[in-house]
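This report concerns only the one structure given below.
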Amino acid sequence: MARTPDGQELPRFEILGPVRAWRGEAELDLGPAKQRAVLTALLINANRPVPTAQIVDTVWQTEPPENGANVVQKYVAGLRRVLEPDRSPRSPGSLLALTDAGYQLSVGPERLDADVFHSHLREAQAARAEGRLADASGLLQRALGLWRGSALAGLSGASFDATRDRLAESRATALESWAALEMERGQHAQLLPRLAELVVEFPLREELRYLSMLALYRCGRQPEALAAFRDARQLLADEFGVEPSERLQELHRGILRAEPSLAAPEPPRPAVSGHRHQPSAARPPTAVLQPTVLPPVVLLPPAIPPPAAPRSRRFPVWLACTIAGAMPLLTCGLTSWLVVGVLAVVYRSRMLGVVAAAFLTLLVFFAVAMELDGPSEEAGPWASVGVLALFVATLGGSVAGALTPIRPPGRLPAPSTVVELAQRVRREQARQLVNHHPSIARELRIGRPDLPRTFDDGGLVDINNAPETILGSLHGIGPDEARRIVADRHMRGPLASVDELVTRNLVHWSVVRALGETLVAVRPG
């Protein structure tokens, strides 16, 4: 057991999750939030001196205290009392020392979980290079088991964010390596549920999608493997306008051709010891598992699609733009405020509302200016300014009406923040699980915010299993509608799709349309 020079046991630190410190089995009280942040600034630079100014920048960022050095010294003194309780106040610290270059926190070998994590990764890489796949997989699982959530949870700042991103990238790479090892060991069937979770957690990492497609194919689920490629292609095209990597496309082509090289590796045969010859009849027929032989791909002619439902006639976009741009010109600017105001209501745009108010102000100013000059044959100064205001309203209203894009009804605006984009990606990935892997969706409890779970589905609600209280809390679905939904699914069975809420006369179609991004129907087992 690692100990300090005076015989104390060295504390153990954790940053792969909330920052914590332990001595033996007892967790140490690290004090207030800023003191914990100072400790974290020292831990991410363990065994290296950290200047006081760097600690201040890391912890307080753009709002440093007036006397940062004294504040840091106060928190360091508090940490010393926690980490070295038996040290006398006048003696220098052995764990947390002040050097000429700054404060240095000495962390013993394997006393920081991030160091242990990277040590296991190096050992796993060496074991894999030696061909010990099982040992390498076990080391990676031990490394990944050290994580207890997001690294440095609860801490914000540029330095903490950079460390958190670096550790998260290492974790994602370790997960990819572990999944690839399990595939090499022929564990594709057992790996599929975990791969489905990882693809949802990391939707943009193509290595995980590659392994997921390959695992589905090796399990004889070729259509689902092709559907997984289609989903990846659509996600990348919709969000970034790019195609999947050449490696992923090559796997897709190989699955279509049922290339033998994609088949599962043959499991190792048991070693024969103590006998020169053993007849095959003495072995049970199930002693060696045979690789699954996938059926050849049969290319069927394309099916004739069913007749499309007649589309509702929409007002042509070009005609709407023409009318909206011409009305201010034909009315000499008198309707500019009205045209832009209607567009503001249609698009729910605050900016267009402000522009409409400005045009109305210009029109009022024109009327007042003309009244101030009074009836005369020659235009006065007020009349000239009023005519200029009317000209601006006319030209501005025409341009705003003609160039404002017409958004089709029902189309949601593009996400304006990274958080909204991430939620949208999670919802789309969860919907793919609901549509293609309902058993995994049930296992992950997609659409069940009332149950404890670790999977983030982006806020979906399952109309087949969510309780009455959850359904009644949705916008547009009150307690009475929620009661009817629960009673109907018990009497007539689960709903095959969200649209059945309308066909069964449970809710109005406008409610289903408004909640289209939230509701799902998970098929029962």
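Rg and Dmax in Å for region 1-141, alpha carbons only: what are they?
Using the Cα atoms of region 1-141, the pair Rg, Dmax is 17.4, 58 Å.
Can you give me the long-range amide H partners of Tyr103? Hydrogens built in the peptide plane at 1.01 Å from N, cutoff under 5 Å, separation of 5 or more residues or another chain.
Counting only residues 5 or more places away or on other chains, the set is Val50, Thr52.
Taking H as built 1.01 Å from N, whose amide H comes closer than 5 Å to the amide H of Glu9, not counting residues under 5 places away?
When sequence neighbours closer than 5 places are left aside, the close amide H contacts are Thr4.
Return the equivalent ellipsoid semi-axes of region 78-196 as a descending list in whole Å, where each equals the square root of 5 times an eigenvalue of the C-alpha gyration tensor.
So the equivalent ellipsoid measures 38, 17, 12 Å along its semi-axes.
Sorting Glu25, Glu468, Glu197 by accessible area (1.4 Å probe), largest first, what list results?
Putting Glu25, Glu468, Glu197 in descending order of accessible area: Glu25, Glu468, Glu197.
So what is log10(I(q)/I(0)) for region 426-525 at q = 0.11, 0.13, 0.21, 0.23 1/Å, when the Debye sum runs over its Cα atoms only?
Here the Debye-derived log intensity ratios amount to -0.28, -0.39, -1.08, -1.29.
The values are calculated or read from the model by the stated rules, or taken from the named source; none is laboratory data. Every value quoted in this text rests on a predicted model; they were computed, and no experiment measured them. In case anyone asks, the SASA skips ligands and DNA or RNA and just uses the protein heavy atoms, side chains included. Shrake-Rupley method; radii C 1.70, N 1.55, O 1.52, S 1.80 Å.
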